[in-house]
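The values are calculated or read from the model by the stated rules, or taken from the named source; none is laboratory data. This is a predicted model, so every value here is computed, not measured. All Cβ positions, glycine included, derive from the backbone under ideal geometry; neighbour counts span all protein chains shown. Areas reflect the complete protein model, heavy atoms only, side chains present, ligands, DNA and RNA absent. Shrake-Rupley method; radii C 1.70, N 1.55, O 1.52, S 1.80 Å.
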Amino acid sequence: MKKKVIAVNRLEQEVLEILQQEVDITFFTGITSIENQAFITALKEAEGIVGLALQVNDALLDLAPNLKIVSNVSVGYNNLDVDALTKRNIMATNTPGVLDETVADTIFGLLIATARRLPELDHYVKSRQWKGDLTMDYYGTDVHHKKIGIIGMGRIGEAIANRAHHGFHMEVLYHNRSRNLDAEHTFNATYKELDALLKESDYVVLMTPLTPETEGMIGAREFSLMKESAIFINGSRGKTIVETELITALENKEIAAAGLDVFEKEPIDDDNPLLKMSNVVTLPHIGSSTYATELAMSQLACDNLLAGLRGEKPPNLINETVWEDK
Ligand code: DGY
């Protein structure tokens, strides 16, 4: 008999069709909590869950007594309570690597869009306000040859540094839990303590994963250290910053602008003041969202899931101890 699997929210159709050949799959969309009765029923028999954009915690796991593997279609796995999964001997996997260049494209695009005010100017043209020569009110800020400070020099941080150094001749500063000698060598990147990076950078780009240690790591104190001309870019998770304090820093002109792909609450609330700020460029958490990359992530998640269900070690196992204890 085929093993029962739940696909939830995020999985490309092509991959779903491949999975259907091996497992008995039920697909749910629009699941944001465990209130849907059909979903709760499916959880009872499921041996695997793939996709997600949903919190996996004790409350969900209590409803899923047969679960062996949770396969997240995402590199960030702050939606998974890894300790709770590990305690129950359930494997957790993610999809690193395949999205690095795509996310770096998005984040670098967001940086340029914010610096050169591209969404504002697009609106200016399309709303037929462009009648003659532009005044300096519409000028932006240079990107090339400026200083970029990258917080979180993992694979995506490196892909951003590559664009900054080789494409835009920027000076690359970085802060990371540990030194990244490859990045120092390849992109001439200089390691900085966090405060020094904040003080010296023209562009501060936050790319750390969300963990208990990084939650709220950029707040009022950190914004006050940045240059008044600094542009802040968040490509990590909304909760790595204190969003209300970013709003205050922008209102008080402590920094010049922000480009945000992630928010404390997603989708963003209607009354969030960021929506009214012309010096803030917003994206709907689309870092990895090109068709090719979403497909590659779904494929990798499918490989992880099927390996785990076959009793093999999944290529991207997060909680290694579950495997060691087998
Ligand atoms: C991830 O995979 O964690 C990125 O946020 C893109 O969705």
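Table for the structure above
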{"item": "Estimated [θ] at 222 nm from DSSP helical runs (n ≥ 4, -39500 (n - 2.57)) normalised by residues in the chain, nearest 500", "result": "-10000 deg cm²/dmol"}
{"item": "Accessible surface of His175 - all protein chains present, 1.4 Å probe, nearest 10 Å²", "result": "40"}
{"item": "Amide hydrogen neighbours beyond the local backbone of Leu173, cut-off 5 Å, H modeled", "result": "Ile148, Gly149, Ile150, Thr190"}
{"item": "Sparsely packed trypsin sites (Lys or Arg not before Pro) within the stretch 105-214, loop by DSSP, other Cβ within 10 Å at most 13", "result": "Arg128, Lys131, Arg177, Arg179"}
{"item": "Glu193/Leu275 FRET efficiency (R0 41 Å; Cβ-Cβ; nearest 0.05)", "result": "0.75"}
{"item": "Karplus (6.51, -1.76, 1.60) ³J(HN,Hα), θ = phi - 60°, over the stretch 31-44, in Hz, Gly and Pro reported as x", "result": "8, 10, 8, 8, 10, 6, 4, 5, 5, 4, 5, 5, 4, 4"}
{"item": "For Phe27, residues with placed amide H under 5 Å, excluding near neighbours", "result": "Ala7"}
{"item": "Gyration tensor (alpha-carbon) shape descriptor, the stretch 67-204, a/c threshold 1.5", "result": "oblate"}
{"item": "Relative contact order %, the stretch 1-65, counting alpha carbon pairs below 8 Å whose residues are six or more apart", "result": "44"}
{"item": "Longest site-free stretch - the chain; sites: chymotrypsin sites (Phe, Trp or Tyr not before Pro), DSSP loop, at most 13 other Cβ within 10 Å", "result": "140-326"}
{"item": "Linear extension gain, Tyr139 paired with Tyr124, 0.36 nm per residue minus alpha-carbon span", "result": "4.1 nm"}
{"item": "Amide H within-cut-off set for Val281, under 5 Å, with H built and near neighbours excluded", "result": "Ala258, Gly259, Leu260"}
{"item": "Charge sum, other residues only, whose C-beta stays under 14 Å from Pro209's C-beta, Lys/Arg counted +1 and Asp/Glu -1", "result": "+1"}
{"item": "Accessible area per residue in Å² at 1.4 Å probe, computed on the chain", "result": "49"}
{"item": "Accessible area of the stretch 147-232 belonging to carbon and sulfur atoms, whole % at 1.4 Å probe", "result": "48"}
{"item": "On Cα atoms only, tilt of 100-115 relative to the major axis of the chain in degrees", "result": "30"}
{"item": "Cleavage-rule hits (GluC sites (Glu not before Pro)) in the stretch 14-81: DSSP loop, at most 12 neighbouring Cβ within 10 angstrom", "result": "Glu35"}
{"item": "Phi to ³J(HN,Hα) by Karplus 6.51 cos²θ - 1.76 cosθ + 1.60 over the stretch 138-148, Hz, x for Gly, Pro", "result": "9, 6, x, 10, 5, 9, 4, 6, 8, 9, 10"}
{"item": "HN-Hα J in Hz across the stretch 131-137 - Karplus 6.51, -1.76, 1.60, θ = phi - 60°, x for Gly and Pro", "result": "10, x, 4, 7, 8, 5, 4"}
